[in-house]
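The values are calculated or read from the model by the stated rules, or taken from the named source; none is laboratory data. These numbers were taken from a predicted model, which means no experiment stands behind them. Quick reminder, even Gly has a Cβ in these numbers, built from the backbone with ideal geometry, and neighbours come from all protein chains shown.
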Amino acid sequence: MIKESIISLLEKHQGKVVGSLIGLIIAIVILLIGFFRTLFIAICITIGYYLGSKIDSKESLNEILDRILPPGKIR
């Protein structure tokens, strides 16, 4: 009975539950390692996600870096 009600709650309010869990995790990480270290980790994750999504869409890493870096740095 309790398991079914929890599953029902999660299905109805999935965004709220996921958002709350992400907020809790971020708060714990900030308390454990500090704000700027947490910010650095978040920036690295964002850059990794961006590069990974470009590689998944079959873009060449050289093309991506050529757009990001000044001209002539890759070739």
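Exactly one residue out of Val29, Val17 is surrounded by 10 or more Cβ atoms within 10 Å (Cβ to Cβ) and modelled with pLDDT under 90, and it is Val17. Within region 1-30, residues that are farther than 23 Å from Ala42 by Cα reach partners that are assigned to a helix (DSSP H, G or I) with beta carbons closer than 7 Å, at six or more positions or on different chains, in the pairs Leu10/Val17.
Screening the candidates Lys3, Lys16, Lys58 for the property of being over 16 Å from the mean Cα position of the chain (by Cα) and part of a loop (DSSP other than H, G, I, E, B) yields one hit, Lys58.
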